[in-house]
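Just below is one structure, and these are the notes that go with it.
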Amino acid sequence: MTTHRVAVGRELPVDATVAFAWVADPRTHPRFIPLTRMATPAGRGPEVGDRFAMVSGPFLGRGARGVVDRMVVTSLERPSTTAGRAGRTSVRKEGPVLLGEAGFDVEPLGSGRCRVVWWEDAYLAGPLPRALTAPLVGLALRWMMHASLRRLETRLTARRA
């Protein structure tokens, strides 16, 4: 099966453990992912097995609808700056609109710096084939991922000021 993985990375002027805490915890995602809100809680997490749903789209006020993205955390490895170990987290997308996998890798780059890579291999749930929908979904994701990582940097550097 051909995958259509999209990945966007950004160096951030914060410790890898700080960046990882933000990207691994779905409860913080609405603070840096545009046009997104949490639809169902993710527990106290993040922990492997946590289930949650996000809703994305314009005009997400009360009662507004958007694209529902149900996910489950499938892996979680926290980074260690002292050991130089990268952190990784991944989720499985369970529909009803998007299927596939997504995640974040956070690599320590020394004291107070890291590189965050957000990757997605997502496609629309039927009836059109994955080979057709994955590249189109990837185009939208790439724009959102760039904008989100810029916003993440802004939020994290503002917290240090």
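The values are calculated or read from the model by the stated rules, or taken from the named source; none is laboratory data. These figures come from a predicted structure and were not determined experimentally. When we count neighbours, we look across all protein chains shown, and the Cβ atoms used for this are built from the backbone with ideal geometry, even at glycine. For accessibility, only protein heavy atoms count, side chains too; no ligands or nucleic acids. Shrake-Rupley method; radii C 1.70, N 1.55, O 1.52, S 1.80 Å.
Need one value: the accessible area of residue 104 in square angstrom, 1.4 angstrom probe, rounded to the nearest 10.
Looks like 10 Å² after rounding.
Using only helices, what value at 222 nm comes out for the chain when you add -39,500 (n - 2.57) per DSSP H run of length 4 or more and divide by the total residues, to the nearest 500 deg cm²/dmol?
-8500 deg cm²/dmol
Looking at the range 54-161, which trypsin sites (Lys or Arg not before Pro) are in a loop (DSSP not H, G, I, E or B) and have at most 12 other Cβ atoms within 10 Å?
62, 65
State in Å² the accessible area per residue of the range 1-129; use a 1.4 Å probe, count heavy atoms of protein chains only, and round to the nearest integer.
52 Å²
Can you give me the angle between helix 130-160 and the longest principal axis of the chain, using Cα atoms only, in degrees from 0 to 90, rounded to the nearest 10?
The two axes meet at around 30 degrees.
Starting from the range 71-161, pick out the GluC sites (Glu not before Pro) whose DSSP state is loop and whose Cβ has at most 16 other Cβ atoms within 10 Å.
Those that pass, being in a loop and sparsely packed, number zero.
Mean projection of the alpha-carbon convex hull of the chain over all orientations, in nm²?
Averaging across all directions leaves 9.9 nm² for the Cα convex hull.
For the chain, what is the charge dipole size about the Cα centre, in debye to the nearest 20, if Lys and Arg each add +1 at the Cβ and Asp and Glu each add -1 at the Cβ?
Numbers: 24 positive and 14 negative charges, 98 e Å.
Dipole about the Cα centre, nearest 20: 460 debye.
Ranked by accessible surface with a 1.4 Å probe, highest first, in what order do 146, 4 come?
146, 4
Whole angstrom only: what separates the Cα centroid of the range 14-29 from the Cα centroid of the range 64-97?
About 11 Å separates the Cα centre of the range 14-29 from the one of the range 64-97.
Could you work out what % of the accessible surface of the range 45-142 is carbon and sulfur, using a 1.4 angstrom probe and leaving DNA, RNA and ligands out of the count? Please list the in-between numbers first.
Numbers: 2970 of 5160 Å².
Roughly 57 percent of what the probe reaches on the range 45-142 is carbon or sulfur.
By its C-alpha gyration tensor, with a ≥ b ≥ c as the square roots of the eigenvalues, how is the range 117-161 shaped: rounded for a/c under 1.5, else prolate for a/b larger than b/c, else oblate?
prolate
For the range 25-161, what's the relative contact order in percent, using C-alpha pairs closer than 8 Å and at least 6 residues apart?
Computed value for the range 25-161: 16 percent relative contact order.
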